[in-house]
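Take a look at this one; I'll ask things after.
The values are calculated or read from the model by the stated rules, or taken from the named source; none is laboratory data. The structure displayed is predicted, hence computed values, not measured ones. Neighbour counts run over all protein chains shown; Cβ positions are idealised from the backbone, glycine included.
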Amino acid sequence: MTAATQPSIEDLILGALPWIPKVNFLNPFLAIENGDEFMKRFHQAAEGQLGPFILVIEGSIPDERVQGVDMWSQI
């Protein structure tokens, strides 16, 4: 997503494409909110209160259910 060119991430953020819904980025490192306040929009989206809602995750998601001996997690 961050290397996209048609449209670019900048086009989406700045609203250059009028037919695209407003884009909100939720980043735990850049957000002013934290804890429950930060997670509120994710919970609302899971309950169908926000739409359209597309979750894009950069990187890997650890799954502790598949962890082995002496491992915190596996991806």
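Scan the stretch 39-54 residue by residue and report those that are surrounded by 10 or more Cβ atoms within 10 Å (Cβ to Cβ) and either free of Cβ contacts under 8 Å to residues at least 12 places away in the same chain or in contact with a Phe, Trp or Tyr (Cβ under 7 Å, 6 or more places away or on another chain) (or both).
Met39, Lys40, His43, Gln44, Ala45, Ala46, Gln49, Leu50, Phe53
Same structure again: Considering only the stretch 2-30, how many residues are surrounded by 10 or more Cβ atoms within 10 Å (Cβ to Cβ) and within 12 Å of the chain's Cα centre (by Cα)?
Adding up the residues that qualify gives 3.
Right, something else. Within the stretch 24-75, which residues are of a type in the set (D, E, K, R) and either modelled with pLDDT of 80 or more or not in a loop (DSSP other than H, G, I, E, B) (or both)?
Correct list: Glu33, Asp36, Glu37, Lys40, Arg41, Glu47, Asp63, Glu64, Arg65.
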